[in-house]
Protein chains: 2
Amino acid sequence: MTDYVRPDIAVMSGYVPGEQPPPGKYVKLNTNENPYPPSPAVSRAIAEAVQSGLSRYPDPLCTAFRLRAADVLGVPPDWILCGNGSDDILTIVTRTLVGQGELLRLPYPSYVLYRTLADIQGARYEQVHFDAHWGLTAEFARVVPDLKLVFLANPNSPSGTMVSREQILELAARLHCPLLVDEAYADFADTNCMDLVAQNPKIMVSRTLSKSYALAGLRFGFVVAHPSLIAEFAKVKDSYNCDALAIAGATAAIGDQAWLLDNRRRVLATRARMAQLMRELGFAVEPSQANFIWCTHPERPLQPVYEKLKANHVLVRYMNYPEWGEGLRISVGTDEQVDACATLLKVILNDGAHGTN
Amino acid sequence: MTDYVRPDIAVMSGYVPGEQPPPGKYVKLNTNENPYPPSPAVSRAIAEAVQSGLSRYPDPLCTAFRLRAADVLGVPPDWILCGNGSDDILTIVTRTLVGQGELLRLPYPSYVLYRTLADIQGARYEQVHFDAHWGLTAEFARVVPDLKLVFLANPNSPSGTMVSREQILELAARLHCPLLVDEAYADFADTNCMDLVAQNPKIMVSRTLSKSYALAGLRFGFVVAHPSLIAEFAKVKDSYNCDALAIAGATAAIGDQAWLLDNRRRVLATRARMAQLMRELGFAVEPSQANFIWCTHPERPLQPVYEKLKANHVLVRYMNYPEWGEGLRISVGTDEQVDACATLLKVILNDGAHGTN
């Protein structure tokens, strides 16, 4: 049957999302979910939306969310387009801007899905390596034919590092195509690029409610861009891409900024503790602006460490990037989860050092 | 900014979903929503899903739904792929099978979104006209170069008519590419093609929970196809395209077949009354296998009729198909809604006949 499939798709291996834990109790620190429940306003809003009925189509424009988000973010509502998670947003942006055979630019190492989106679209991509300190090189701003879209995760995954606002502005000024700043983790960072969209219409900013609003299960994200681009994205998105419950829940979530600040404070406190614990265990830890930390080790191979953590019901993300190297990306959990992970790591690393395992 | 956009997208006008009613109380018979609330099991399942938490990513494979649906439909679970509404399914299938510049075949008149999906993909489409009785012509089965996918809404919209199972089998046997039988309305019909998927792997069947399960607000659809095609579709869909609440609600809905049968019985009873009322008003009404009826009029132009209905807070769908003709597609509402619509139509048609408006 694969004879019927586009060659671009048939050769793809497909994006593999972070593994789901097998049955049993796991400390899950592998997909950057928030360890705390969302704002209580969310469940109330969902219950009300269920009550007012599910038999009608939802608002295709997510007006309630856009009005609330516009207030919170200080951007006009018609600069916002909502999606079924920010993956939907990345798909919509790619499909709108990049034709078959055209070029996307991606940083490396970064979010692997960008490559998958290029593949599905039948587009080409070039991966520009970060420098040794996770900074951008001049290569990233180079103008080349057919370059239609540049992705930049900021904070980046897996590193948790950021490119400065000044560099983003300069990058956008040099590029001849739009730049999507993927701010999935920006609520955990010291700065963000939201207000730069108004300074250069080539800059677009995407956000998700999965991480900082603890709503990965609800699927809601959005992009902020110049309204002339938003109008084009609207042609490409599914008419009713966000369901009535997601719209209601997301609107309530972004409306509760007190919850966000409190959650952020807790996550950042644990992040600092966690980085310290990992350094004490001999890991090199990038200073993180996200809700995870990137840990490399000067001496120890990390795949066996990941495997032993998993065998002991602690899931972290093991990454091995060709031409770059390996590391563990560990999500910021609760203090208890982080302690459990660190205690286990201590045992695993000592075991290995004494050759007893 | 539109210089940055793919030319295929820039020239598109974009799909326009059925209009949302302006503020105020409306009888809404324009987008084929179910006039009754969904199974009570749905809200219970959603409340439980909210309770068990929204901070984790949902199951990317919608396993709970697929197991339940497999039981109900008599197909193996790995023949099912779930989507964020059946529009998501139509998008996934198109992106998997049809490359830029390649060809889709669509019946005409039918669901306008098929054309939009082709446009977004940068593909070409050919519209093959139904015969005068909404039957397929030999042209629809013709083998031509680059034809990669054939869409067939069955029951069709706006007509509510069906192509027989025998014709579908014969069509699939002749075609050199997959055939998507879009069964959005099949739960209201006397037959369907679900079991034909196992007879010819070129046949795929899509379904939605929007209409027959009264869950348009929840966004949930699925496709049943040969597992080798399902595996390719899985590469193209967003990893987490269905949210946790939609999965829970949809699983509960398809599990309540007693509700479905009862709802179907009510809708079909009203559909019969409604067709009779419309015929008494002088309309020609196609015998419908869906939850709407297609009404044409031998003498009266219908756009003014639609406008007057709307001015009186009754929304129906006015369609005018070039090279075919116009009509009103009216969703089956409650008996009260249908009576209100018919009473108003009687006044409108009489007014016009006496030239008093």
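The values are calculated or read from the model by the stated rules, or taken from the named source; none is laboratory data. Note that the structure is predicted; figures quoted are calculated from it, not measured. Positions of Cβ are backbone-derived with ideal geometry, glycine not excepted, and every protein chain shown enters the neighbour counts.
Please enumerate the residues belonging to region A:261-296 that are in contact (Cβ under 8 Å) with a residue 12 or more places away in the chain, of a type in the set (Gly, Ala, Ser) and under 12 Å from A:Val332 (Cα atoms).
A:Ala275, A:Ser288, A:Ala290
Only residues that are under 13 Å from B:Leu180 (Cα atoms) and in contact with a Gly (Cβ under 8 Å, 6 or more places away or on another chain): list them for region B:199-247, please.
B:Ser206, B:Arg207, B:Phe222, B:Val223
Would you be able to tell me the number of residues in region A:62-97 that are farther than 13 Å from A:Ala248 by Cα and without any contact (Cβ under 8 Å) to a residue 24 or more places away in the chain?
Counting residues in region A:62-97 that are farther than 13 Å from A:Ala248 by Cα and without any contact (Cβ under 8 Å) to a residue 24 or more places away in the chain gives 3.
Among the strands (runs of 3 or more DSSP E) contained in region A:142-209, which hold 2 or more residues that are touching a Ser or Thr at 6+ places or on another chain (Cβ under 8 Å) and within 21 Å of A:Asp78 (Cβ to Cβ)?
Once the strands (runs of 3 or more DSSP E) in region A:142-209 are filtered for at least 2 residues that are touching a Ser or Thr at 6+ places or on another chain (Cβ under 8 Å) and within 21 Å of A:Asp78 (Cβ to Cβ), what remains is A:179-182, A:203-208.
Restricting attention to region B:121-163, report how many residues are farther than 14 Å from B:Pro107 by Cβ, in contact with an Asp or Glu (Cβ under 9 Å, 6 or more places away or on another chain) and not aliphatic (A, V, I, L, M).
Selection size over region B:121-163: 5.
Take A:Leu73 and decide whether it is farther than 24 Å from A:Pro17 by Cβ, in contact with a Gly (Cβ under 8 Å, 6 or more places away or on another chain), surrounded by 18 or more Cβ atoms within 10 Å (Cβ to Cβ) and at pLDDT 95 or above.
Answer is no for this residue.
Suppose the filter is closer than 30 Å to A:Leu29 by Cβ and not charged (D, E, K, R); does B:Val50 pass it?
Spelling it out, B:Val50 is indeed closer than 30 Å to A:Leu29 by Cβ and not charged (D, E, K, R).
Here is a yes/no grid of residues against (1) buried (at least 24 other Cβ atoms within 10 Å of the Cβ); (2) at pLDDT 95 or above; (3) in contact with a Ser or Thr (Cβ under 6 Å, 6 or more places away or on another chain):
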site: A:Lys211; (1), (2), (3): yes, yes, no
site: A:Leu218; (1), (2), (3): yes, yes, no
site: A:Phe222; (1), (2), (3): yes, yes, no
site: A:His226; (1), (2), (3): no, yes, no
site: A:Lys235; (1), (2), (3): no, yes, no
site: A:Leu245; (1), (2), (3): yes, yes, no
site: A:Ala253; (1), (2), (3): yes, yes, yes
site: A:Leu268; (1), (2), (3): no, yes, no
site: A:Met274; (1), (2), (3): yes, yes, no
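Residues being under 13 Å from the mean Cα position of the chain (by Cα) and within 14 Å of another protein chain (Cβ to nearest Cβ): count how many of those fall in region B:171-205.
Counting residues in region B:171-205 that are under 13 Å from the mean Cα position of the chain (by Cα) and within 14 Å of another protein chain (Cβ to nearest Cβ) gives 2.
Of the conditions (1) surrounded by fewer than 14 Cβ atoms within 10 Å (Cβ to Cβ); (2) under 21 Å from A:Glu19 (Cβ atoms); (3) charged (D, E, K, R), A:Lys310 satisfies every one except a single condition; which number is it?
(1)
The rows are residues; the columns are (1) in a helix (DSSP H, G or I); (2) more than 26 Å from B:Ala10 (Cβ to Cβ).
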{"site": "A:Asp87", "(1), (2)": "yes, no"}
{"site": "A:Leu90", "(1), (2)": "yes, no"}
{"site": "A:Thr116", "(1), (2)": "yes, no"}
{"site": "A:Ala132", "(1), (2)": "no, yes"}
{"site": "A:Leu136", "(1), (2)": "no, yes"}
{"site": "A:Glu139", "(1), (2)": "yes, yes"}
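Would you say B:Glu286 is among the acidic types (Asp, Glu), within 23 Å of the chain's Cα centre (by Cα) and at pLDDT 95 or above?
So B:Glu286 fits the description; yes.
Suppose we filter region A:332-347 for residues that are in contact with a strand residue (DSSP E or B) (Cβ under 9 Å, 6 or more places away or on another chain) and of a type in the set (Gly, Ala, Ser); how many remain?
2
What do you reckon, is A:Thr116 over 18 Å from the mean Cα position of the chain (by Cα) and farther than 13 Å from A:Asp182 by Cα?
Here the answer is no, as A:Thr116 does not meet what is asked.
Within region B:206-238, which residues are within 7 Å of chain A (Cβ to nearest Cβ) and closer than 22 Å to A:Tyr57 by Cβ?
If the condition is that a residue be within 7 Å of chain A (Cβ to nearest Cβ) and closer than 22 Å to A:Tyr57 by Cβ, then B:Ala214, B:Leu215, B:Ala216, B:Gly217, B:Leu218, B:Arg219, B:Asp238 are the ones that fit.
Among the residues of region B:108-123, count how many are touching a helix residue (DSSP H, G or I) at 6+ places or on another chain (Cβ under 7 Å) and farther than 24 Å from B:Ala216 by Cα.
Selection size over region B:108-123: 3.
Tell me, please, whether a residue that is of a type in the set (Lys, Arg) and out of contact with any strand residue (DSSP E or B) (no Cβ under 8 Å at 6 or more places or on another chain) can be found in region A:35-47.
Yes: region A:35-47 contains one or more residues that are of a type in the set (Lys, Arg) and out of contact with any strand residue (DSSP E or B) (no Cβ under 8 Å at 6 or more places or on another chain).
A:Gly325 passes all but one of (1) out of contact with any Pro (no Cβ under 8 Å at 6 or more places or on another chain); (2) more than 17 Å from A:Pro158 (Cβ to Cβ); (3) of a type in the set (Gly, Ala, Ser); which number fails?
Among (1) out of contact with any Pro (no Cβ under 8 Å at 6 or more places or on another chain); (2) more than 17 Å from A:Pro158 (Cβ to Cβ); (3) of a type in the set (Gly, Ala, Ser), the lone unmet condition for A:Gly325 is (2).
Of the residues A:Arg56, A:Arg66, A:Arg6, which single one is more than 10 Å from every other protein chain (Cβ to nearest Cβ), in contact with a helix residue (DSSP H, G or I) (Cβ under 9 Å, 6 or more places away or on another chain) and not aliphatic (A, V, I, L, M)?
A:Arg66
Which one is nearest to the chain's Cα centre (by Cα) among residues in region B:143-170 that are aliphatic (A, V, I, L, M) and crowded, with 21+ Cβ neighbours inside 10 Å?
So, considering only residues that are aliphatic (A, V, I, L, M) and crowded, with 21+ Cβ neighbours inside 10 Å, the one nearest to the chain's Cα centre (by Cα) is B:Ala153.
Return the only residue of B:Ala340, B:Ala250, B:Ala272, B:Ala290 being small (Gly, Ala, Ser) and under 30 Å from B:Pro60 (Cα atoms).
B:Ala250
So, of the residues in region B:94-107 that are closer than 21 Å to B:Val16 by Cα and in a helix (DSSP H, G or I), which turns out to be farthest from the other protein chains (Cβ to nearest Cβ)?
Of everything passing the filter in region B:94-107, B:Thr94 is farthest from the other protein chains (Cβ to nearest Cβ).
Looking only at region B:16-50, which residues are at the interface with another protein chain (Cβ under 10 Å from one of its Cβ atoms), within 21 Å of B:Tyr185 (Cα to Cα) and touching a residue at least 60 places away in the same chain (Cβ under 8 Å)?
Answer for region B:16-50, where residues must be at the interface with another protein chain (Cβ under 10 Å from one of its Cβ atoms), within 21 Å of B:Tyr185 (Cα to Cα) and touching a residue at least 60 places away in the same chain (Cβ under 8 Å): B:Gly18, B:Lys28, B:Thr31, B:Asn32, B:Glu33, B:Asn34, B:Pro35, B:Tyr36, B:Pro37, B:Pro38, B:Val42.
Testing A:Gly101 on (1) in contact (Cβ under 8 Å) with a residue 40 or more places away in the chain; (2) out of contact with any Asp or Glu (no Cβ under 8 Å at 6 or more places or on another chain), one condition comes back false. Which one is that?
Every condition holds for A:Gly101 apart from (2).
Restricting region B:105-142 to residues that are closer than 19 Å to B:Arg95 by Cβ and of a type in the set (Phe, Trp, Tyr), which is surrounded by the most Cβ atoms within 10 Å (Cβ to Cβ)?
Residue satisfying both the conditions and the ranking: B:Tyr114.
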